[in-house]
Structure formats: structure tokens, C-alpha cells
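To start, the structure itself, in C-alpha cells.
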Amino acid sequence: MFKNGLYEQLINSLISNKLNSLDLETIYYKTTAIEKSEASTFLTQYISNFINYSLNLISGYT
């Protein structure tokens, strides 16, 4: 297994802080169990969509 470096620790901390600051009474969320083999696929799809969205926000990006 890979060791978490400084970058990973920073990202994990930022995500954790953001999630902990959510008001769970005002948002809808659903959890579903997934197979271990599916986890990487779901994470890859999410990150891909997030990067695509983020890059589209940058003016002049084509």
C-alpha cells in the first residue's frame, strides 16, 4: 500500500473539513454499498467529471 504524502494529507484534510461543515439536515444524500472491485471505477469517474468541470471554468481553455 502507498504511504500518504504531504499532498495526500492536505487533500484528505480539506475534504474532511468540508464534509464535516455540511449541515446534514438540509442536504439529501444516499449511501449504497459497492463491491471493492467497483470502488476504483466510481472514484475514477467522479474525479474525471470533477476535473472536466474545473477545467471548463478556466477561461480560455479549449
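Note on the chain: with charges restricted to the Cβ of Lys and Arg (+1) and Asp and Glu (-1), its dipole about the Cα centre is near 140 debye.
Across all C-alpha atoms in the chain, the radius of gyration and Dmax reach 15.2, 40 Å.
Readers should treat all values here as calculations from the given coordinates under stated rules, not as data from a laboratory. Worth saying up front: this structure is predicted, and the values here are computed from it rather than measured. Counting neighbours? That spans all protein chains shown, and the Cβs are built from the backbone with ideal geometry, glycine included.
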